[in-house]
1. From the backbone phi of segment 333-338, what are the Karplus-calculated ³J(HN,Hα) couplings (6.51 cos²θ - 1.76 cosθ + 1.60, θ = phi - 60°) in whole Hz, Gly and Pro given as x?
2. Where in segment 366-440 are there trypsin sites (Lys or Arg not before Pro) that are in a DSSP coil and have at most 15 other Cβ atoms within 10 angstrom of their Cβ?
3. Relative contact order (percent) for the chain, with alpha-carbon contacts under 8 angstrom and 6 or more residues of separation?
4. So who's got an amide H within less than 5 Å of the one on Ala40, skipping anything under 5 residues away but keeping other chains? H placed 1.01 Å off N, in plane.
5. Could you list log10 I(q)/I(0) for segment 239-309 at q = 0.13, 0.22, 0.24 Å⁻¹, which the Debye formula gives when each Cα is one point scatterer?
6. With r defined as the distance between the Cβ atoms of Lys86 and Thr238 and R0 fixed at 25 Å, what FRET efficiency is calculated, to the nearest 0.05?
7. In terms of modelled amide H atoms, which long-range or inter-chain residues lie less than 5 Å from the amide H of Gln241?
8. So what J values fall out for segment 407-417 if you push phi through Karplus, 6.51 cos²θ - 1.76 cosθ + 1.60 with θ = phi - 60°, rounded to Hz, Gly and Pro as x?
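The values are calculated or read from the model by the stated rules, or taken from the named source; none is laboratory data. Just so we're clear, the structure is a prediction, and the values are computed from it rather than from any experiment. With ideal geometry, Cβ positions are generated from the backbone for all residues, glycine too; neighbour counts draw on all protein chains shown. Remember, those area values only see protein heavy atoms, side chains included, never the ligands or the DNA or RNA. Shrake-Rupley method; radii C 1.70, N 1.55, O 1.52, S 1.80 Å.
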Amino acid sequence: MSSLVWFLVFVVCGCSFICDVKGSVSVEGTVVIDGESPIAETDENFVCATLDWWPSAKCDYGNCSWGNASLFNLDLKNVVFLNAVKAFSPLKIRLGGTLQDKVIYQTEDNKQQPCTPFVQNSSRLFGFTEACLPLARWDELNSFFNQSGALVIFGLNALHGKSIQANNVATGPWDSTNAASLIRYTIKKGYNIYGWELGNELSGNGVGVRIDVDPYASDTITLHGLIQDIYSRNNIITKPQIIAPGGFFDYNWFQQFLSKTVGSLDSITHHIYSLGAGSQGNLVEKILNSTVLDNGAGVFRDLNNIVKKSQNPASAWVGEAGGAYNSGRDGVTNTFVFSFWYLDQLGASSTYDTKTYCRQTLIGGNYGLLNTTTFVPNPDYYSALLWHRLMGKSVLSTSFTGSRKIRAYAHCAKKSQGITLLLINIDGNTTVNAKVDIHGRVVRMQNHSNIHPHHHMPRHHHRRSKGTPLHHNKQVSANNVREEYHLTPLGGDIHSQTVLLNGKKLTVDSSGVIPALDPVTVDSLEPLIVAPYSIVFVHMPNFDVSACM
């Protein structure tokens with residue numbers, strides 16, 4: 001094997017990203033990485049976010065958090081919004097949610113009929129009437145997606161044509177006529193759709209209403225046939241993905257669904273709200289609990305086992321994940337503390353071969369990556385963007401010994417040499433000094449006795465602007481450096497909606513430009529110190545493992 005370059009992350013004080021640790025306890029730990037071969041693989045564009053149909057009248061526990069974030073009235077001309085999506089180049093965006101199964105689509109031959117949005121009505125399913133998507137609005141949405149470079153997954157109405165029985169089971173075949181009309185119009189206009197998804201939370205026990213596995217599989221086969229026919233008639237060789245069921249994981253239901261849709265399904269999607277209701281007062285305690293985080297990976301493991309044993313080649317996706325259902329919780333799911341849960345979910349799901357992870361939401365509710373009113377990014381936006389830019393497809397077996405409060409994940413670096421390591425410290429009182437173990441061999445760094453949690457910049461520290469090459473000198477060579485991205489909350493407050501990167505506040509400028517996410521470049525011999533309540537991405541371009549060759 002080629003030479004290994006190991007590291008330990010430095011501490012910078014006088015700056016703010018590791019300084020504020022007075023009174024903290026310092027512990028030793030070891031990052032253990034097996035770099036022989038990948039244990040799983042994600043899609044190139046793993047990070048995904050959702051846009052929802054919920055109107056401003058959607059309220060939970062007296063909190064009306066959706067504003068004008070609905071697909072019907074979202075401001076598609078907001079420059080911050082556009083720049084936030086463009087920054088991913090590209091971002092997968094899933095259009096859907098609870099009300100998607102109550103949306104019909106305007107057709108070209110029926111434009112004179114009224115096409116109205118949702119109206120609140122407590123006696124109707126999900127508390128709203130049906131609504132109609134105007135073709136003019138579909139045009140506007142696709143113009144935005146084209147301009148931003150987004151990869152679009154559209155959730156179709158799986159209840160269309162069905163009858164809902166007294167036991168809340170929807171029966172009868174799916175009426176695909178209206179969906180077919182929208183798909184034909186979409187092709188006619190030249191709009192690119194990455195995937196068509198059928199239904200939202202209708203699998204298993206369902207939410208409000210459910211569809212049994214046999215008719216759902218039959219409907220999915222119908223959608224597959226529809227896509228094959230319409231796209232082939234238009235001489236389009238590359239077909240969009242067929243995705244379903246977009247519901248909560250039920251082992252037996254999902255196992256049967258896979259067995260009945262062989263050849264008609266590309267991705268099987270499930271939803272995650274593992275923290276419970278947004279009204280619960282103990283959400284933060286759950287987020288900072290290692291056992292809760294560990295248990296949250298169970299569904300990824302179970303679905304992966306089903307997929308591996310199935311003859312169906314469909315891959316696993318998380319189609320919607322907001323952590324806490326009923327729109328999240330203000331002050332928690334839109335603040336720094338939620339990045340601990342979110343990034344841990346990205347890490348855990350990727351180790352079980354999940355190909356795509358869609359965050360609920362891009363904007364809307366209390367769990368948006370963007371602020372619903374100002375469109376300014378919340379902390380999780382930057383967490384998502386760093387993951388997207390740094391973590392490649394190949395997943396490495398990674399663990400951490402010495403503290404259960406450190407969550408550790410490693411991937412081959414994205415579009416670069418070496419690997420990227422993610423360390424999440426969910427302990428607010430402990431600073432972690434780490435060693436690294438590769439294939440059972442601990443690589444020890446030289447002892448820097450003059451570096452401690454209240455020291456200033458470490459020796460041989462060099463910072464460079466994005467795109468500037470590293471220059472060799474006798475102290476730090478390009479063969480002995482790493483790039484670090486330390487995320488901490490403003491003022492050390494984990495409920496802050498402002499995040500610091502390497503001690504610098506991340507803010508959108510007056511022109512709506514998303515800030516650059518520049519690393520600090522560090523001598524690889526400097527020690528790795530992870531501050532309390534912090535998140536660290538470390539890109540090691542010269543770390544060669546066979547899994548990433």
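1. Once θ is set to phi - 60°, the couplings for segment 333-338 become 6, 10, 10, 4, 4, 6 Hz.
2. Sparse-neighbourhood loop trypsin sites (Lys or Arg not before Pro): Arg404, Lys415.
3. In percent, rounded to a whole number, it is 24.
4. HN-HN under 5 Å from Ala40: Val395.
5. -0.49, -0.97, -1.07
6. Between Lys86 and Thr238 the formula returns 0.60.
7. Residues meeting the criterion, in which the H sits 1.01 Å from N, are Gly195, Trp196.
8. So the J values, rounded to whole Hz, are 9, 10, 9, 9, 10, 4, 5, 8, 6, 7, 7.
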